[in-house]
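Here is the structure we will look at, set down as structure tokens.
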Amino acid sequence: MLRRFLGRTASLTLLGILCAALPAAADSGIGSVLGDQLVPSANSAIKAAIREQSLHAADVAQVPPIQQPAKAPAQTGLPTGWTYMADFSAAWSLGNTGASNKLPGGVDGMLAYGFSPTLRAEAAYYEVQHYPVGFNTGVVPVYVQGVANPIGTQDLSTAGIDVATKDKFTLLMLEHLITIGHKLPIVITPTYVSRTSMIGGPDDKQVVEANGFPLQIQARTVQVQALALTLPFLSTPKMFGTFTIAPSWLVHRAGLNVENKAQVYSILYLEYRPTDRTTIFLEPQSSRDYLPADVYAQHLNSYFLGISHRLTRNTFVQAVLNSGGPSNYKPYGLTGIYCQQLVPCSKQAITAGGLHATQLQLQFGIGTPSVLPF
């Protein structure tokens, strides 16, 4: 019954969400790590719960009515005991960045313990590499600190700026599977995310222009707490889809932040399984990343398109193409350079618009099959 209900509603739901999520594009943010770590685990639990319901329904159909059990079957879903996943990745930036396409390598890892089929704790580490456009192409104005009018321009192609970026995420999650009316499995996941970064060097320290004064910040360091809800909208032998919504808050404001109200991440996941070993997936996201360089949260819209293949029982390879940038911070990239001294122009502060990046990531990994990101 659940499969028929989800199948009937899938087309309208998918059309509405895709129309809202795909027109814009986005720099990889916290939504990417939620999509790569939180969503696959929740999906695994929901798939197992739906499979158990289907098997139970088939068993009941073969039993005379007088012998049917009075109680619903015990829920199954989240793996119990210890589970793990680890991989290493290579990545290449795409598009006209004006810089090398090669990005730093990365590693991911996850360790979890399931207390029961409905309760599981997880700790994960995840890295995303990208190179935003607009820092090595184009011409931007140059200012003297405190002077309103520009004194000249800078051709960014000759500036030698390195903004190859690696974002590093640490996640702590507690997953709870519940079934509404013995028919609709959903996963509720309180989540804590700590994000640090490397921008063209060992850290993410930058000097930015803030109301006429230079301010040193850690441009991409932030801590976020969220409450995610994942529910299915499609389940067939070859296809599966879920929708995740996750209101989130900064643990504390930093840098240029002026407010800290709830920001909502929404993630659509849709997969097609042509074989038992191969999965093709699409994951549009709409999120509200709020970094120290942002006065207000970035309205990010992004997509992740990938293919995963299980090489053996405990090994996999995965390729992911992702792209995007905020819709409310324009133009993309570096927009101005501020000199604290005129000759030479030293101790520079910058202003920047949105960060737009497109990259291809190739991952090789090992892991417990029940939590592979398929």
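The values are calculated or read from the model by the stated rules, or taken from the named source; none is laboratory data. What you see is a predicted model; the values in this text were computed from it and never measured. Using ideal geometry, Cβ is built from the backbone for each residue, glycine included, and neighbour counts are taken over all protein chains shown. The area values use the complete protein model at the heavy-atom level, side chains included, leaving out ligands, DNA and RNA. Shrake-Rupley method; radii C 1.70, N 1.55, O 1.52, S 1.80 Å.
Ligands, DNA and RNA left out, the 1.4 Å accessible surface of the chain is 62% carbon and sulfur atoms. Using +1 at the Cβ of each Lys and Arg and -1 at the Cβ of each Asp and Glu in region 221-348, identify which of Thr275, Ala254, Pro237 lies farthest towards the dipole's positive end. Result: Thr275, furthest along the dipole toward the positive end. Taking Cα atoms only, the orientation of helix 2-21 departs from the longest principal axis of the chain by about 10 degrees. Rounded to whole numbers, the Karplus 3J(HN,Hα) couplings from phi for region 302-315 are 9, 9, 10, 10, x, 9, 10, 9, 7, 6, 9, 4, 10, 10 Hz, using 6.51 cos²θ - 1.76 cosθ + 1.60 with θ = phi - 60°, and x at Gly and Pro.
Figure note: Arg277, Arg195 ranked by solvent-accessible area, largest first, 1.4 Å probe, ligands and nucleic acids not counted: Arg277, Arg195.
In debye, nearest 20: dipole of region 239-339 around its Cα centre with unit charges on the Cβ of K, R (+) and D, E (-)?
Working: 8 positive and 6 negative charges, 37 e Å.
Using only the charged Cβ atoms, the result is roughly 180 debye.
Can you work out the FRET efficiency for the pair His176 and Ser100, with r the C-beta to C-beta distance and R0 = 30 Å, to the nearest 0.05? Numbers along the way, then the final one.
Working: r = 45 Å, r/R0 = 1.48.
Once the sixth-power term is evaluated, E becomes 0.10.
Heavy-atom accessible area for Ser44, with the other protein chains in place and a 1.4 Å probe, reaches approximately 30 Å².
Among the listed values (i) 57, 53, 44; (ii) 66, 60, 41; (iii) 92, 40, 37, the one matching Cα extents along the principal axes in Å as calculated from this structure is (iii). The dipole here belongs to region 266-325: it is taken about the Cα centre, uses +1 on the Cβ of Lys and Arg and -1 on the Cβ of Asp and Glu, and is about 320 debye. Per-peptide packing, taken as the mean over residues of other Cβ atoms within 10 Å, places 46-54, 201-209 in the sequence 46-54, 201-209 from highest down.
Taking all protein chains together and rolling a 1.4 Å probe, Thr118 ends up with roughly 30 Å² accessible.
Database remark: amide H of Ala228 closer than 5 angstrom to the amide H of Thr189, Thr191 (H placed geometrically; neighbours at sequence offset of 5 or more, or on other chains; Pro and chain starts carry no H). Taking all protein chains into account, the per residue accessible area for the chain stands at 45 Å² (1.4 Å probe). Of all the options Pro326, Pro150, Pro344, the one that moves most in a Gaussian network model of the chain with Cα springs shorter than 10 angstrom is Pro344. Taking θ as phi - 60° and the Karplus parameters 6.51, -1.76 and 1.60, the scalar couplings of region 108-113 work out to 10, x, 8, 9, 9, 9 Hz in sequence order, x denoting glycine and proline. Residues whose amide H comes within less than 5 Å of that of Tyr143, counting only those at least five positions distant or on another chain, are Ile151, Ile337, Tyr338, Cys339 (H built at 1.01 Å from N in the peptide plane). Note that region 120-134 has calculated 3J(HN,Hα) couplings of 8, 10, 9, 10, 9, 10, 8, 10, 10, 10, 7, 9, x, 7, x Hz, one per residue in order, obtained from phi through the Karplus relation 6.51 cos²θ - 1.76 cosθ + 1.60 (θ = phi - 60°); glycine and proline are x.
For the chain, the longest principal axis of the C-alpha atoms and the axis of helix 39-61 are separated by about 10°. For region 146-160, the residues whose backbone nitrogen is under 14 Å from a point 7 Å from the Cα of Phe213, taken along Cα to Cβ, are 146. I'd like the FRET efficiency for Ser54 and Ala121, computed as 1/(1 + (r/R0)^6) with the beta carbon distance as r and R0 of 22 Å, rounded to 0.05. According to the calculation, E is roughly 0.20.
Treating r as the C-beta distance of Glu259 and Ile280 and R0 as 45 Å, the FRET efficiency rounds to 0.70. Per residue, the chain reaches -4000 deg cm²/dmol at 222 nm when only DSSP H runs of four or more residues are counted, each adding -39500 (n - 2.57). Taking label positions 7 Å along the Cα-Cβ direction at both Ile188 and Phe88, the computed distance is 4.1 nm, reported to one decimal. Structural descriptor for the chain: relative contact order 20 percent, calculated from alpha carbon pairs under 8 angstrom and at least 6 residues apart.
A simple spin-label model places pseudo-atoms 7 Å from Cα toward Cβ; at Asp162 and Thr351 they are separated by 2.8 nm. Taking Cα centre as origin and charging only the Cβ of basic (Lys, Arg, +1) and acidic (Asp, Glu, -1) residues, the dipole magnitude of the chain rounds to 900 debye.
Were the residues from Ser327 through Tyr296 laid out at 0.36 nm apart, the gain over their Cα-Cα distance would be 9.9 nm.
Amide H contacts for Tyr332 (H built 1.01 Å from N in the peptide plane; partners 5 or more residues away or on another chain; cut-off under 5 Å): Gly354.
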